[in-house]
Amino acid sequence: MPEAFASAMTREKSNNTGVEMPWASPGSPLSNIGRQLEPPVKQGIDNGSYVRIEPDNMIAWLYLLPPVTEGEKFTKEDIMEFLQKNGVVRGFHTSNIAAVAKKEVYNREIKVALGRDAVEGIDGYYEYKFAPTVNRAPAVREDGSVDYTSMSTLQNVRKGDVVAVYHHAVQGEAGYNVRGAETRAKPAKELPPLRGKGISHEPDSDIYIAVQEGKIEIKDNKIDIKSTHEVHDDVDLVTGKIEFFGDIEISGNVSAGVMIRAGRNIVIKGTVESANLYAGGDIVLERGIQGGKKAKVSARGSVFADFIEHAEVTARGDVCANIILNSKVSAEGIVKATGKKGVIMGGYTHGLMGVEAGVLGNDAEIKTSVHAGYEQEVYEKFIGMAAREEAAQLELKKTVDVMSELLRKKRLRASTMTEGEENRLAELNRKKDECFAVLDDINQEKEILSAQIEKGKDAKIITEGSVHRGVVIGVADCKYIVERDTSFMQYSYLGGMVEATVRVM
């Protein structure tokens with residue numbers, strides 16, 4: 001240690017505080033470093049060398065003046081000691097500190113310490129060897145028509161296939177600032193073992209294997225492998241009724257009078273006549289349905305068909321077809337008349353979230369109604385709920401008032417109730433509970449109706465081709481009759497009326 005630096009270990013009175021500083025005496029090489037003032041983020045800045053710490057305590061800077069004694073220089077150890085005495089205890093930029101000492105870098109701020117942000121960990125996760133969600137979009141042929149036979153709602157696995165691999169959690173790393181305070185990383189979480197039917201894995205193994213052949217899907221973090229009910233022939237009245245908890249796939253045609261009910265999806269590769277189809281998932285009719293004004297098709301998912309003719313179709317998802325002819329179609333999603341023709345002709349077609357088609361109506365002006373958004377009766381029912389709610393609340397108030405009066409009289413008499421009063425109070429209690437039950441039902445129904453109105457508020461009717469005269473256009477609670485043939489139109493709701501605009505192609 002230089003003699004001049006050793007003399008810096010003597011005492012010096014601070015000009016401002018009178019506090020003894022045994023490590024910075026006059027004439028010492030460190031006398032410039034030692035004068036530190038409050039606040040700690042910029043100590044001793046008006047008397048020479050200083051350490052400046054950023055407000056977030058993540059970066060520290062050193063401003064070093066030359067030693068007072070000519071020919072002396074600060075060592076890396078001298079600078080480290082000075083930094084530590086001024087609150088910098090972690091994250092040292094050692095290469096910069098060494099360079100300052102070696103190259104005698106003075107009269108400018110040098111970054112000497114840097115904190116580190118916490119590095120978050122990665123939660124454990126499962127890598128599925130199948131697609132948890134299926135792409136059910138049909139293929140479009142070169143001629144513009146839609147190939148519904150290309151669609152499949154099934155994902156099949158064979159016994160012994162790997163269906164999932166678990167990747168364990170990777171814990172993060174704590175962060176810190178230059179003053180030494182730590183920021184903990186959020187602990188990464190492990191997932192519980194997969195549950196379900198048709199799968200297994202060895203103890204302490206991260207690989208899950210199919211133990212049977214069939215359709216695989218995942219729901220609520222449970223893998224399920226189930227068989228599909230397949231019919232390779234036509235289905236007619238001899239077959240009669242088909243009900244299956246899982247998927248139903250029919251290779252042939254479905255005759256009139258047949259009822260098919262599936263817990264999940266229905267796929268029919270042939271033509272469907274006036275049958276009734278119900279599915280908890282999607283319904284795919286690869287060659288369409290000729291309903292004869294008797295067919296009913298209902299899906300909690302979406303309905304896809306090559307054509308829909310003289311049938312009643314409802315879906316909680318979308319309805320997609322090449323041709324919709326003289327049918328009643330209603331979807332909580334979008335109704336799409338897609339493909340080369342993309343025609344909606346005759347009947348009533350409603351899409352809560354919108355309708356897209358190539359052509360609406362025909363030259364013969366067949367009666368065609370197309371509607372998007374919430375329907376008039378839904379809005380009227382929603383408005384009517386307010387009156388029902390007010391009546392129920394008034395009835396509840398009257399009931400509670402009578403109960404309160406009976407109890408008040410009891411307190412005034414300071415006696416028990418008569419048998420008649422007890423019976424009356426019990427009756428009022430039952431009536432009060434009934435009022436609450438009615439209000440609960442009203443609120444639930446209001447929520448459903450409100451959700452429908454909200455879901456369909458931005459619905460539009462869009463055409464890629466002709467709109468023929470006489471077509472009735474409805475958006476929300478408004479209607480509009482097309483007075484002359486037009487094309488490439490968009491119909492939307494604006495200011496209490498249907499706005500018709502020409503689409504820019």
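The values are calculated or read from the model by the stated rules, or taken from the named source; none is laboratory data. Just so we're clear, the structure is a prediction, and the values are computed from it rather than from any experiment. Positions of Cβ are generated from backbone atoms using ideal geometry, with glycine treated the same way; all protein chains shown enter the neighbour counts. Calculation scope for accessible area: heavy atoms of the full protein, side chains included, ligands and nucleic acids excluded. Shrake-Rupley method; radii C 1.70, N 1.55, O 1.52, S 1.80 Å.
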- Query: Within the range 435-449, how many residues turn out to be among the polar types (S, T, N, Q) and open to solvent by 90 Å² or more (accessible area, probe 1.4 Å)?
  - Reply: 1
- Applying the selection to the range 319-342, what residues are in a strand (DSSP E or B), over 34 Å from the mean Cα position of the chain (by Cα) and farther than 21 Å from ALA279 by Cα? LEU325, ASN326
- Complete set of residues in the range 220-261 that are open to solvent by 60 Å² or more (accessible area, probe 1.4 Å), modelled with pLDDT under 80 and more than 30 Å from TYR126 (Cα to Cα): VAL238, THR239
- Message: Here is a list: LYS460, LYS397, LYS409, LYS432. Which entry is open to solvent by less than 90 Å² (accessible area, probe 1.4 Å), basic (Lys, Arg) and over 30 Å from LYS367 (Cβ atoms)?
- Response: LYS432
- List pairs: first in the range 70-99 and modelled with pLDDT of 95 or more and open to solvent by 40 Å² or more (accessible area, probe 1.4 Å), second in a helix (DSSP H, G or I) and among the aromatic types (Phe, Trp, Tyr), Cβ under 6 Å, 6+ apart or cross-chain? none
- Query: Does GLY124 satisfy being at pLDDT 90 or above, open to solvent by less than 70 Å² (accessible area, probe 1.4 Å) and within 32 Å of the chain's Cα centre (by Cα)?
  - Reply: yes
- Query: Can you find a residue in the range 375-386 that is part of a loop (DSSP other than H, G, I, E, B), open to solvent by 60 Å² or more (accessible area, probe 1.4 Å) and of a type in the set (Ser, Thr, Tyr)?
  - Reply: no
- Taking the options ALA321, ALA357, name whichever one is in contact (Cβ under 8 Å) with a residue 24 or more places away in the chain and within 28 Å of LYS241 (Cα to Cα). ALA321
- For the range 127-153, name all the residues that are in a strand (DSSP E or B), open to solvent by less than 90 Å² (accessible area, probe 1.4 Å) and at pLDDT 70 or above. GLU127, TYR128
- Item | Evaluation of ARG287 against (1) open to solvent by 10 Å² or more (accessible area, probe 1.4 Å); (2) under 15 Å from VAL272 (Cβ atoms); (3) in a strand (DSSP E or B) (one fails), failing number | (3)
- Task: Kindly indicate whether any position in the range 365-378 is modelled with pLDDT of 90 or more and hydroxyl-bearing (Ser, Thr, Tyr).
- Result: yes
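Filter the range 339-350 down to the residues that are surrounded by fewer than 21 Cβ atoms within 10 Å (Cβ to Cβ) and under 19 Å from ALA299 (Cβ atoms) and list them by number.
Answer for the range 339-350, where residues must be surrounded by fewer than 21 Cβ atoms within 10 Å (Cβ to Cβ) and under 19 Å from ALA299 (Cβ atoms): just TYR348.
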- Message: I need the full set of residues from the range 432-479 which are under 30 Å from GLY342 (Cα atoms), in contact with a helix residue (DSSP H, G or I) (Cβ under 7 Å, 6 or more places away or on another chain) and among the β-branched types (Val, Ile, Thr), in order please.
- Response: ILE453
- Message: For the structure I just gave you, tell me whether LYS103 is loosely packed, with under 14 Cβ neighbours inside 10 Å, at pLDDT 95 or above and not polar (S, T, N, Q).
- Response: no
- Query: Between a first residue in the range 364-391 that is farther than 30 Å from VAL471 by Cα and a second residue that is open to solvent by 40 Å² or more (accessible area, probe 1.4 Å) and of a type in the set (D, E, K, R), which pairs have beta carbons less than 8 Å apart while being 6 or more apart in sequence or on different chains?
  - Reply: MET385/GLU445; MET385/LYS446; GLU389/LYS446
- Message: Looking at the range 477-505, I want the residues that are closer than 9 Å to VAL467 by Cβ and open to solvent by 50 Å² or more (accessible area, probe 1.4 Å) and have a partner that is of a type outside the set (Lys, Arg) and in a loop (DSSP other than H, G, I, E, B) with Cβ atoms under 6 Å, at least 6 apart or on another chain. Which pairs are those?
- Response: ASP485/HIS468
- Of the conditions (1) open to solvent by less than 60 Å² (accessible area, probe 1.4 Å); (2) within 23 Å of CYS478 (Cα to Cα), the single one that GLU332 does not satisfy is (1)
